[in-house]
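Read the structure below first, then the notes.
The values are calculated or read from the model by the stated rules, or taken from the named source; none is laboratory data. Since the model is a prediction, treat every value here as computed from it, not as a measurement. Glycine also receives a Cβ, built like all others from the backbone with ideal geometry; neighbour counts cover every protein chain displayed. The accessibility values were calculated without ligands, DNA or RNA, using every heavy atom of the protein model including side chains. Shrake-Rupley method; radii C 1.70, N 1.55, O 1.52, S 1.80 Å.
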Amino acid sequence: MSQNLWDNVDAYFTDVLVPSDPTLEAALKDSKAAGLPPINVAPNQGKLLQLLAQLHGAKRILEIGTLGGYSTIWLARALPKDGKLITLELDPNHAEVAKRNVARANLSKVVDIRIGKAVETLSLLEKENVAPFDFIFIDADKPSNPEYLAWSLKLSRPGTVIIADNVVRNGEVTNPKTTDPNVIGVRRFMEMLAAEPRLSATAIQTVGSKGYDGFALAIVKR
Ligand SMILES: C[S@@+](CC[C@H](N)C(=O)[O-])C[C@H]1O[C@@H](n2cnc3c(N)ncnc32)[C@H](O)[C@@H]1O
């Protein structure tokens, strides 16, 4: 079992099930040209997010961690005409690239990109009294995952789906002695998921073009 094999299988699934899409490909190309790191979800993962949002009938999506807007486009395309996606990004350069990519996807009316530290923009959302989100994707700085989960609960309703990416980190998530702040953030996030009576959650480990990682999935109980 190797990265090469995982790459081949991801390429096969993507070839067969995720039709080539010039808008999404241009989003990745322009992100790369602008110097953004290639830490977007893989195409088959983007499609999984889209399918999950569609399965859930999500009308309001919150994304924490925009980068160049790649996962944003996948998710926004799951929305009905009157849907809304708010995405939070710290880096103004990333947000600018995302804005152009979202515009090319004809999603500017649906997608609202908020620039700043997510803990601050989340607090602003609460002050704005936004309607609860149906679907929340957490994919920003991992040390802040516990705060993002707390905010997700505040901005949710019974039935809201919460997904967090990169919770396996090459298996380091099982290391209680880790000094890696990303892993510490993910472990605290897992402990919160376990302890929170309002949530029902699981986590899945994955291999693929993005290496050995995984995601957590939770629902706010009804
Ligand atoms: C893994 S990338 C997001 C990838 C994107 N969801 C995708 O799959 O296309 C994480 C993003 O979170 C942003 N970020 C890091 N710290 C943040 C913070 N404190 N608040 C908001 N965004 C942050 C980074 O600048 C980066 O663009």
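Observations, loosely collected:
- Within the set Leu85, Leu75, the sole residue that is closer than 21 Å to Ile39 by Cα, within 15 Å of the ligand (Cβ to nearest atom), touching a residue at least 60 places away in the same chain (Cβ under 8 Å) and in contact with a strand residue (DSSP E or B) (Cβ under 6 Å, 6 or more places away or on another chain) turns out to be Leu75.
- When residues of region 170-184 are limited to those that are open to solvent by 60 Å² or more (accessible area, probe 1.4 Å) and in a helix (DSSP H, G or I), the one farthest from Asp139 (Cα to Cα): Thr174
- Scope region 127-144; condition charged (D, E, K, R) and surrounded by 14 or more Cβ atoms within 10 Å (Cβ to Cβ); matching residues: Asp134, Asp139, Asp141, Lys142
- Checking each residue in region 2-43 for being part of a loop (DSSP other than H, G, I, E, B) and more than 14 Å from Ser209 (Cβ to Cβ) picks out Pro19, Ser20, Asp21, Ala34, Gly35, Leu36, Pro37.
- Cβ-Cβ under 7 Å pairs, at least 6 apart or on other chains, region 22-48 side without any contact (Cβ under 8 Å) to a residue 12 or more places away in the chain, far side part of a loop (DSSP other than H, G, I, E, B): Lys32/Pro38
- Options Arg187, Arg157; residue that is open to solvent by 50 Å² or more (accessible area, probe 1.4 Å), touching a residue at least 24 places away in the same chain (Cβ under 8 Å), away from the ligand (no atom under 16 Å from the Cβ) and not in a strand (DSSP E or B): Arg157
- For region 47-66, taking the residues that are under 9 Å from Asp134 (Cα atoms) and open to solvent by 20 Å² or more (accessible area, probe 1.4 Å), the one that is farthest from the ligand (Cβ to nearest atom) is identified as Gly57.
- Number of the condition not met by Pro176 [criteria: (1) free of Cβ contacts under 8 Å to residues at least 12 places away in the same chain; (2) over 23 Å from Tyr212 (Cα atoms); (3) more than 16 Å from the ligand (Cβ to nearest atom)]: (2)
- Only listed residue being more than 15 Å from the ligand (Cβ to nearest atom) and at pLDDT below 95, chosen from Ser108, Ser20: Ser20
- Residue ID - most open to solvent (accessible area, probe 1.4 Å), chosen from residues in region 94-126 that are among the hydrophobic types (A, V, I, L, M, F, W, C) and without any contact (Cβ under 8 Å) to a residue 12 or more places away in the chain: Leu124
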